[in-house]
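Take a look at the structure set out below.
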């Protein structure tokens, strides 16, 4: 055991002892406990409106740490808090702080969780908090967002305890895509427990205007009359960037260059392929870039590609970046795979192609690059579709309507007992 683990256990013991003292002092056991929870948990339902909900949102991945879950959790909190009373408990220090944050979250919800109508967990790892809470309380409603790896992470203990036990204690699981829901159900989680709510974007954050000098600074050269295709994201195997550079890019017109924004363990492999294929002048690896530069790249690009490939034990839970590209007015070509099939509505905000099919990618890319009018029309269609269907404001309303529906069901169930 490490120094950190020992001290985390000590912290957990101290916090748990404080909870037991609190519970004893307030005599929250048996019928008194249920009465306390009912007064709090059904308060919003007595008002019969989602605007009266009180939500406790617990996130183990939150800005300033950079990442997809961090950004999603931030947006959910931001938009829920604009609509209803929402309390945030967040880990802002990254994964190495989790051994402290999870025990802290457990004790926090044990002490204060019953004051809220809904406890929302930002991802499946936090389902252990729900499991502990249910040892003492039957309310409030507990909901947990599920991303792809929350369900498919191929570690035996994780599958046995988190997926096999902890998640089953959550009242409502909120998969971000149909594929994530299917993976959860295939692993024994109840279908009636799942409510699919996708990710969203803020369309007003994106534009089709950019500063050419800033682009020159980022890329280190002037792209001139080149056509720019773009991929944004962590450089891991399932993203398929290495496959695209190896198989698709060499078959594209010479004036097409590929911008890859992101970092990750596959960067070395990608660099090796670039050298072997002599594509140094046609591939730009920007590394990790900030939000302003990402928005600039979306605005500057002619086309966005998401060439994911199938990887055992890993999956794309949703595909937020393809929504961001669409919000920027970019045509999108992506693999018909996993959560991408939920993020892309074919013909509306993008085109789906067979994963690993080089010729399909080449054909669709050339079709749009060579037809400026079609490219612009497709981009505008994508922008309008994303604004109508994936605006975070709309997604937040879906969360609230889901909470309200399950709280009403919970209320009716208790009345019949």
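I'd like the orientation of helix 68-83 relative to the chain: the angle between its Cα long axis and the longest Cα principal axis, in ° from 0 to 90, rounded to 10. Long axis of 68-83 versus the principal axis of the chain: about 60 degrees.
Counting neighbouring Cβ atoms within 10 Å and putting the fewest first, the residues 225, 123, 291 line up as 225, 291, 123.
Note on 133, 244: ascending count of other Cβ atoms within 10 Å places them as 133, 244, the fewest first. Measuring nothing but how far apart in sequence close Cα pairs (under 8 Å, 6+ apart) lie, relative to its length, the stretch 218-273 scores a relative contact order of 49 percent.
Ordered by the number of other Cβ atoms lying within 10 Å of each residue's own Cβ, fewest first, 121, 390 fall into the sequence 390, 121. By the compact-protein rule of thumb, 2.2 N^0.38 Å, the alpha-carbon radius of gyration of the stretch 257-338 corresponds to a ratio of 1.16. Ordering of 165-178, 56-69 by packing is 165-178, 56-69, highest average first (other Cβ atoms within 10 Å, averaged per residue). Relative to the current alpha-carbon distance between residue 377 and residue 225, full extension at 0.36 nm per residue lengthens the span by 52.7 nm. Subtracting the Cα-Cα distance of residue 95 and residue 187 from 0.36 nm times their residue separation leaves 30.6 nm of extension gain. Think of it as helices only: each DSSP H run of n ≥ 4 in the chain is worth -39500 (n - 2.57), and spread over all residues that comes to -14500 deg cm²/dmol at 222 nm. Just to compare against my own numbers: the Cα pair-distance distribution for the stretch 203-388, 10 Å bins, whole % per bin, please. P(r) for the stretch 203-388, in whole percents per bin: 10, 41, 40, 9, 0. Rounded to the nearest 10 degrees, what's the angle between the helix 267-276 long axis and the longest principal axis of the chain, both from Cα atoms, 0 to 90? On a 0 to 90 degree scale, this one is about 10. Return one number: the angle in degrees, 0 to 90 and rounded to the nearest 10, between the long axis of the Cα atoms of helix 358-369 and the longest principal axis of the Cα atoms of the chain. Here the helix axis deviates by roughly 80 degrees.
Seen from a random direction on average, the alpha-carbon convex hull of the chain projects onto 21.6 square nanometres. Against the empirical 2.2 N^0.38 Å scaling, what ratio does the C-alpha Rg of the stretch 292-352 come to? My calculation over the Cα atoms of the stretch 292-352 gives 1.10. Here the stretch 217-241 is scanned for amide nitrogen atoms under 19 Å from the site 7 Å beyond the Cα of residue 292 along Cα-to-Cβ, giving 217-221. Packing, as the average of other Cβ atoms within 10 Å across residues, places the peptides 186-195, 331-340, 364-373 in the order 331-340, 364-373, 186-195, highest first. Taking only the C-alpha atoms of the stretch 89-184, the Rg (one decimal) and the largest Cα-Cα distance, Dmax (whole number), read 13.0, 36 Å. Measuring nothing but how far apart in sequence close Cα pairs (under 8 Å, 6+ apart) lie, relative to its length, the chain scores a relative contact order of 15 percent.
Read-outs: derived from the displayed coordinates by stated rules, not from any lab. Predicted model only: the values in this text are computed from it and were never measured. Every residue, glycine among them, receives a Cβ derived from its backbone with ideal geometry; neighbour counts consider all protein chains shown.
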